[in-house]
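Participant: Got a structure for you, written out below as structure tokens; questions coming shortly.
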Amino acid sequence: MQDYRDVQVLLVAALASGQGKTTVTAALTRKLVRMGKRVRVFKCGPDFIDPMLLERASGAPVRSLDLWMVGIEQCRGQLAEAALHADVILIESAMGLYDGTPSSAELAKAFGVPVMAVIDASAMAQTAGALVMGLRDYGPVEMAGVIANRVASPNHAQMVASSMRDIPLFATLPRQEHSLPERHLGLVVPGEVEGIDQLLDALADQLDFDEQAWRSLRSTRIATPPAQGPAAPLLAGKTIAIARDAAFVFLYPANLDLLREQGATLRYFSPLADQPVPQGADAVYLPGGYPELHAQELSQASIWSASIRAVHAAGTPIVAECGGMMAVADSLSDQQGEVWRMAGLLPGGVVMQKRLAGLGSHGLDTPHGQLRGHTFHYSRLDTEVVPLARTAKHPSGVQGEAVYRIGSLTASYFHAYFPSNPAAAAAMFLRSATA
């Protein structure tokens, strides 16, 4: 017999990016936690930074939900696992509610989740009703209510509320004197923000929250999927060294989970601290991050550079994603135009630029099938190396990011979501795949 759990679940969505939905989701999360609720948060679509903030707000791990990259069955399993440990599940949407293929609205429909709309009310009043009813009816989706962000006064809030007819105004958040800091790839990661917990508490305090409206929200029935068998031990006995510090911070937690489930032992090291690749590593994983913000330190990290060159010369598989690839190129030109020497495994130079160079979901065809993921970067690699392969953009199929192979190094701007194809992911860390 199928088991179910009834949990309050909301998709927190907006009509566009820039409405403040991450700030609102973080404020709502911290508010509920302080009310004694067990809260689990998910992020729609590919993202590294927002989940870090939401994890800080909730005190619990934040995972990705995406019908294409993650897949409906893995999404279903993650929701079911969260439902075992949560009173409330919040899902922060990507971009606007109907943006993307598939969109956040499609995710909400797939699992019967009501939508909580976030609107930036700073430059409107009664028109808010038209926007929210349009969001509801276009899909249509089930609209649980609205959180109005950047509200100027109680009178302003009342005008917004009266415009929405049968849709309740669930909460309001005033304009912020001190907003969450941002930079070129999004919010500054929480570990670099002084007083981040005090800021989250202040947001929760300022969220004018209708507890009676909250109690009236319906629950969503989450089915418990059948127990999954153990992952194939494709990496049994292997030790994978993983770069982890402020320069290598963009990493799907699900990737690490899968590597462990496949039998790998994970060991972490810090190139920024000039630590060498751990001895005995059978493979090296250099995830994305912000090497451009730490280019001088990386250029001076001679022990790290010598060690990664040595393991490359020894034929040890190295997987370098985005920032990881930038760190093993010949050079990196930072945002101020200064050029710094990098580890030198990949011929060519990386140049930071002001405009976005790549964004969106991509798939990479492999002998094991398609490995899915995404790309998001503001730099370009100038190289004469001929790519081994290229990703395909989703859903257009247009040619995407180059994938380079230099000896045992596999490097690309492509961020792979390993659980989308466990066999393809494991193969990247085995010598047989890089020989």
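Participant: Residues that are surrounded by fewer than 19 Cβ atoms within 10 Å (Cβ to Cβ) and closer than 24 Å to residue 211 by Cα: does the stretch 56-76 have at least one?
Facilitator: Looking for residues that are surrounded by fewer than 19 Cβ atoms within 10 Å (Cβ to Cβ) and closer than 24 Å to residue 211 by Cα, one finds at least one in the stretch 56-76, hence yes.
Participant: (1) out of contact with any Cys (no Cβ under 7 Å at 6 or more places or on another chain); (2) crowded, with 18+ Cβ neighbours inside 10 Å: which one isn't true of residue 377, the others all being true?
Facilitator: (1) is the only condition that residue 377 fails.
Participant: List pairs: first in the stretch 143-171 and assigned by TED's automatic domain parsing to the domain that holds residue 132 and surrounded by fewer than 22 Cβ atoms within 10 Å (Cβ to Cβ), second of a type in the set (D, E, K, R) and assigned to a strand (DSSP E or B), Cβ under 8 Å, 6+ apart or cross-chain?
Facilitator: Note: pairs meeting the criteria are 150/120; 157/208.
Participant: Quick check, is residue 408 touching a His at 6+ places or on another chain (Cβ under 8 Å), small (Gly, Ala, Ser) and within 20 Å of residue 271 (Cα to Cα)? Spell out how you get there, then give the answer.
Facilitator: Values: touching a His at 6+ places or on another chain (Cβ under 8 Å): yes; small (Gly, Ala, Ser): yes; within 20 Å of residue 271 (Cα to Cα): yes.
Yes; evaluated as a whole, the condition is true for this residue.
Participant: In the stretch 1-25, which residue that is of a type in the set (S, T, N, Q) and under 17 Å from the mean Cα position of the chain (by Cα) is modelled with the highest pLDDT?
Facilitator: Of everything passing the filter in the stretch 1-25, 25 is modelled with the highest pLDDT.
Participant: Report yes if some residue within the stretch 105-113 is over 21 Å from residue 222 (Cα atoms) and either touching a residue at least 40 places away in the same chain (Cβ under 8 Å) or touching a His at 6+ places or on another chain (Cβ under 8 Å) (or both); otherwise report no.
Facilitator: Here is the first cut: in the stretch 105-113, the ones over 21 Å from residue 222 (Cα atoms) are none.
For the stretch 105-113, residues over 21 Å from residue 222 (Cα atoms) and either touching a residue at least 40 places away in the same chain (Cβ under 8 Å) or touching a His at 6+ places or on another chain (Cβ under 8 Å) (or both): absent.
Participant: Also: If you take the residues in the stretch 77-102 that are among the small types (Gly, Ala, Ser) and touching a helix residue (DSSP H, G or I) at 6+ places or on another chain (Cβ under 9 Å), which one is surrounded by the most Cβ atoms within 10 Å (Cβ to Cβ)? Steps first, answer last, please.
Facilitator: As a first pass, look at the stretch 77-102 and keep what is among the small types (Gly, Ala, Ser): 77, 80, 82-83, 86, 93-94, 96, 100.
Next, only the ones that are touching a helix residue (DSSP H, G or I) at 6+ places or on another chain (Cβ under 9 Å) stay: 93-94, 96, 100.
Numbers: 93: 28, 94: 22, 96: 19, 100: 23.
Ranking the candidates gives 93 first.
Participant: How many residues are under 25 Å from residue 65 (Cα atoms) and of a type in the set (A, V, I, L, M, F, W, C) if we restrict to the stretch 111-133?
Facilitator: In the first step, residues of the stretch 111-133 are kept if they are under 25 Å from residue 65 (Cα atoms); the result is 111-120, 132.
Next, from what is left, pick out any that are of a type in the set (A, V, I, L, M, F, W, C): 111, 113, 115-119, 132.
Of the residues in the stretch 111-133, 8 are under 25 Å from residue 65 (Cα atoms) and of a type in the set (A, V, I, L, M, F, W, C).
Participant: Now, a different point. On the given criteria, is residue 17 in the same structural domain as residue 124 (by TED's automatic domain parsing) and under 21 Å from residue 217 (Cβ atoms)? Steps first, answer last, please.
Facilitator: Details: in the same structural domain as residue 124 (by TED's automatic domain parsing): yes; under 21 Å from residue 217 (Cβ atoms): no.
No; evaluated as a whole, the condition is false for this residue.
Participant: Follow-up question, since we're still on this one. Just to be sure before I move on: is residue 410 surrounded by 21 or more Cβ atoms within 10 Å (Cβ to Cβ), within 21 Å of residue 68 (Cβ to Cβ) and either in contact (Cβ under 8 Å) with a residue 60 or more places away in the chain or of a type in the set (Ser, Thr, Tyr) (or both) in the structure I sent?
Facilitator: Values: surrounded by 21 or more Cβ atoms within 10 Å (Cβ to Cβ): yes; within 21 Å of residue 68 (Cβ to Cβ): no; either in contact (Cβ under 8 Å) with a residue 60 or more places away in the chain or of a type in the set (Ser, Thr, Tyr) (or both): yes.
Spelling it out, it is not the case that residue 410 is surrounded by 21 or more Cβ atoms within 10 Å (Cβ to Cβ), within 21 Å of residue 68 (Cβ to Cβ) and either in contact (Cβ under 8 Å) with a residue 60 or more places away in the chain or of a type in the set (Ser, Thr, Tyr) (or both).
Participant: Here is a follow-up. What number of residues within the stretch 309-319 are crowded, with 24+ Cβ neighbours inside 10 Å and in contact with a Gly (Cβ under 9 Å, 6 or more places away or on another chain)?
Facilitator: 1
Participant: Does residue 41 meet the test of being surrounded by 23 or more Cβ atoms within 10 Å (Cβ to Cβ) and either more than 27 Å from residue 175 (Cβ to Cβ) or not assigned by TED's automatic domain parsing to the domain that holds residue 139 (or both)?
Facilitator: Numbers: surrounded by 23 or more Cβ atoms within 10 Å (Cβ to Cβ): yes; either more than 27 Å from residue 175 (Cβ to Cβ) or not assigned by TED's automatic domain parsing to the domain that holds residue 139 (or both): no.
No, not satisfied.
Participant: Tell me the residue from 9, 41 that is of a type in the set (A, V, I, L, M, F, W, C) and touching a helix residue (DSSP H, G or I) at 6+ places or on another chain (Cβ under 6 Å), please.
Facilitator: Details: 9 fails: touching a helix residue (DSSP H, G or I) at 6+ places or on another chain (Cβ under 6 Å).
Checking each option against the conditions leaves just 41.
Rundown of residues vs (1) more than 22 Å from the chain's Cα centre (by Cα); (2) surrounded by 13 or more Cβ atoms within 10 Å (Cβ to Cβ), yes/no style:
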| site | (1), (2) |
| --- | --- |
| 195 | yes, no |
| 198 | yes, no |
| 208 | yes, yes |
| 215 | yes, no |
| 220 | yes, yes |
| 225 | yes, yes |
| 239 | yes, yes |
| 245 | no, yes |
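Participant: Now for a separate question. Can you go through 28, 65 and tell me which one is among the aliphatic types (A, V, I, L, M), at pLDDT 95 or above and farther than 21 Å from residue 255 by Cβ?
Facilitator: On the way: 65 fails: farther than 21 Å from residue 255 by Cβ.
From the options 28, 65, the qualifying one is 28.
Participant: So, one more: Kindly indicate whether residue 300 is over 30 Å from residue 158 (Cα atoms), surrounded by fewer than 18 Cβ atoms within 10 Å (Cβ to Cβ), modelled with pLDDT of 95 or more and of a type outside the set (Gly, Ala, Ser). Break it down into steps so the answer makes sense when it comes.
Facilitator: Working: over 30 Å from residue 158 (Cα atoms): yes; surrounded by fewer than 18 Cβ atoms within 10 Å (Cβ to Cβ): yes; modelled with pLDDT of 95 or more: yes; of a type outside the set (Gly, Ala, Ser): yes.
Criteria met by residue 300.
Participant: Would you mind stating whether residue 419 is surrounded by fewer than 14 Cβ atoms within 10 Å (Cβ to Cβ) and under 22 Å from residue 264 (Cα atoms)? Show your work before the answer.
Facilitator: Numbers: surrounded by fewer than 14 Cβ atoms within 10 Å (Cβ to Cβ): no; under 22 Å from residue 264 (Cα atoms): yes.
Judged against the criteria, residue 419 is not a match.
Participant: Yes or no: residue 45 at positive phi and over 12 Å from the mean Cα position of the chain (by Cα)?
Facilitator: On the way: at positive phi: yes; over 12 Å from the mean Cα position of the chain (by Cα): no.
Answer is no for this residue.
The values are calculated or read from the model by the stated rules, or taken from the named source; none is laboratory data. The shown structure was predicted, so the numbers you read here are calculated from the model rather than taken from an experiment. Positions of Cβ are backbone-derived with ideal geometry, glycine not excepted, and every protein chain shown enters the neighbour counts.
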